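Participant: Let me begin by handing over the structure; questions about it come next.
Taken together, the values in this text are just the output of simple stated rules run on the coordinates, not laboratory data. Please read all numbers here as calculations on a predicted model, not as lab measurements. Every residue, glycine as well, gets a Cβ built from its backbone with ideal geometry; the counts of neighbours run over all protein chains shown.
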Amino acid sequence: MSRRLLVLDDDKHVVSYMADNLSAKGYEVTGVTSPKEALARIERESFDLVITDVEMPELRGTELLAQILARKPAQLVLLITAFGSVEMAVEAVKAGACDFLAKPFKLEALLFAIERAFKDRELRREIVRLRSTLPLEGTGELVAKSPAMRQVLDQGRRASRSQSTVLLTGETGTGKSAVARFIHESGARRSEPFIELNCAALPPALIESELFGVKRGAFTDAKEDRPGAFVSAGAGTVFLDEIGELPLEAQAKLLHALESGKVRPLGTSTTLTLQARVIAATNRPLEVLLREGRFRPDLYFRLNVIRIEVPPLRERREDIVPLIDLFLSKVSARDDRPLVGISAAAVKRLLAYGWPGNVRELANLLERAVSMTDHDTIVPENLDFPKSASPVNDLLVQGSAEKLPLAEIERAYVRRVVEDYDGNKAAAARVLGINRRTLDRKLGP
């Protein structure tokens, strides 16, 4: 069934030109030269798209736009004018036009604008609006819809009531830093400083001064007094990320500070009382480092009082959709790129991916998607997955993580192929090397 277009211009030659050319492209076109006649036709009939000039003696196109949308709020309206400007284009789109085209234009530009309008409409019909799936109240940037992550937050709340050290374990990018901050903000220390140090990023020569402070002149580069993390934190929290990267010598001094409750800045004989609570995190199994002699057993036991494992994203897939909402909201607000949402097809791809980089990878991918989209909706084409990632591998990772039966993995793969061929079962069956009857059986009910 061809799409119906209503073309309006006070110049009958322009109407005739557009009507003839668009009809030749397969559209069903009605041409009128009067805005009042156009409004009457719109009230009586249904049009997929209205194309109207802006400057007309009887009624300006922007005023006509307002009247059309008052009658049919979902009507697609494309404005055309010889007096185009960026300001006018912005105002027209804000007022509800689907696009804006300035004269003179080539027929190809008009056809492109028409098809883009229809594509945008289809996208809007399948948009997943995610505003009802915001993170749990009081958890900041942490999302805990999944049972696995709810358990983490429950353990974090319990840990916040204690003064004991906490060891957070889990893969890179799972959100251990956010969990550490959640523990800090859930307890009595919430009004005190939260100081974060990445042990892997500290130059070996500066580790001690970064942790415990330094007096000016203690060494060549000590140009001024610096308090160090433990003193800066006061009665707050010191979060030591990637604790497994701390050299053995620094481990011994950290252990002494934790056990004695005292720190001594470099270049001074003065000792200061340690008031801060310590939370450490590692993405490497400390037990392996213990066996290899690269981590002190006494420091390990001193840190491993309360241990919380932060699960990888592939084991908490219920959190993916609310995380999508969280990151899209943040990035679009930061970049002043208002988004309506994300298409259902894009959400399917995000849910099927294995996420080896966990939450951090999801955040980075969505940030790129917001930058690359030409629409107010994220679509699959905007998702720049790593070249090494393949749908088959993603499916296997998900199946292995969720311990799915082979038949279910096979069914998921068959459905994926059918989706890739836009529901064309005959084409999908040829690719899979099976007949249609077998395909229908494997798809299941």
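Participant: Once label points are set 7 Å from the Cα along Cα→Cβ at both residue 163 and residue 116, what is their separation, rounded to one decimal in nm?
Facilitator: For the pair residue 163/residue 116, the computed spacing is 6.4 nm.
Participant: From the square roots a ≥ b ≥ c of the eigenvalues of the alpha-carbon gyration tensor of the range 4-125, which class results: rounded (a/c under 1.5), prolate (a/b over b/c), or oblate?
Facilitator: Because its axes are fairly even, with a/c under 1.5, the range 4-125 counts as rounded.
Participant: So, one more: Past 30 Å, Cα to Cα, is the threshold; run 215/330; 106/348; 25/72 against it and keep the listed order.
Facilitator: Beyond 30 Å between Cα atoms: 215/330; 106/348.
Participant: Mind checking which of 233, 92, 70 has the largest fluctuation in a GNM of the chain, springs on alpha carbons under 10 Å?
Facilitator: 70
Participant: Using a Gaussian network model on the chain with a 10 Å cutoff between Cα atoms, which of 210, 192, 91 fluctuates the most?
Facilitator: 91
Participant: Give me the number: length gained by fully extending residue 441 to residue 360, i.e. 0.36 nm times residue separation minus the C-alpha to C-alpha distance, one decimal in nm.
Facilitator: 25.2 nm
Participant: Sticking with this one: Set the Förster distance to 41 Å, then compute FRET efficiency between residue 372 and residue 103 from the Cβ-Cβ distance, nearest 0.05.
Facilitator: Efficiency, rounded to the nearest 0.05: 0.85.
Participant: GNM, the chain, Cα, under 10 Å: largest mean-square fluctuation among 111, 339, 168?
Facilitator: Maximum among the listed residues: 111.
Participant: Give the separation of the Cα centroids, the range 280-304 to the range 1-77, in Å.
Facilitator: 72 Å
Participant: For the chain, what is the calculated [θ] at 222 nm in deg cm²/dmol (nearest 500), taking -39500 (n - 2.57) for each run of four or more DSSP H residues and dividing by its residue count?
Facilitator: About -14000 deg cm²/dmol.
Participant: Shifting gears a bit: How long is the gain from residue 337 to residue 46 if the chain were fully straight, where each residue apart is worth 0.36 nm and the alpha carbon distance is subtracted?
Facilitator: Taking 0.36 nm per residue and subtracting the Cα distance, the gain is 101.5 nm.
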